[in-house]
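Every number in this text was worked out from the coordinates using simple rules, so none of it is lab data. Because the structure is a prediction, the values reported are computed rather than measured. Neighbour counts are summed over all protein chains in view; Cβ atoms, including those assigned to glycine, are modelled from backbone coordinates with ideal geometry.
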Amino acid sequence: MTRLSVVSIALLLSACALFPIVPAIPTDYAGPDGGYVVAGIGAAKGIKYSSYYLLFRKKDASLSTGDSFPRASLSFDPYFFSKRLELDYKDDVEQGTISSARLAPGVYEVYRCGEWLDGYMFQAHYDSKTPFSIPFEVKPGEVVYLGNFQANSIRGKNAFAFGLPVPAGAVYVVEDRKDRDLALLRKRMPELPQVVVDSMPTSVDSPFFAFKSKDQ
């Protein structure tokens, strides 16, 4: 996978900022009209945050500001002790999981991304802060595939350590791995519907995403 050096956007991330407590969108909706959203989320070799996430919410212009609206996340938590340590794929290049949620029908959007670093001596949180929009629509009995998001390291400079490089968040390489990702997910979720809708974005108005075509 492509390793990206994006030092110039590191300052756009907010570190050590905690989310307020807000209502959560149920990700295990049990109604008969439910559908699924799926994304592969992983990390390139050498980047070791505790958790990587894509936050999503109902798509509504009235929710464009503030942090009090219901939301949920698709995430990869390889080193986050309070969550599962499940890997769906791992090789010499990357590791990751296929994250999914069963949702009530409706139009949603991924609007923020970020990472947690949960160390023995400290914690840090990096968040895109400025909202963007990756819209998707959940319909009864369908699977919406958003793509595979591979985190690549952003390095910043520590003003208190003689300018040495330090972790400063991630940029996500987005790629269509639909066949592989859904096959992996079906191994542990055989009930997943067969109808698949491709909602992978082709561009995002955010410096924290890059796109890789199948022929790269």
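For residue 123 and residue 28 in one chain, what is 0.36 nm times their gap in residues minus the Cα-Cα distance, to one decimal in nm?
Computed gain between residue 123 and residue 28 is 31.3 nm.
Under the 0.36 nm per residue contour assumption, what length would be gained going from the current alpha-carbon distance of residue 60 and residue 212 to full extension?
51.8 nm
Suppose R0 equals 22 Å; then what is the FRET efficiency for residue 203 and residue 137 from their Cβ-Cβ distance, rounded to the nearest 0.05? Intermediate results must be reported in sequence, preceding the final value.
Numbers: r = 19 Å, r/R0 = 0.84.
It comes out at approximately 0.75.
Listed highest first by mean packing, meaning other Cβ atoms within 10 Å per residue, what order do 143-150, 193-200 come in?
The peptides rank, most packed first, as 143-150, 193-200.
Among 94, 137, which comes first, then next, by fewest other beta-carbon atoms within 10 Å?
Fewest to most other Cβ atoms nearby, the residues stand as 137, 94.
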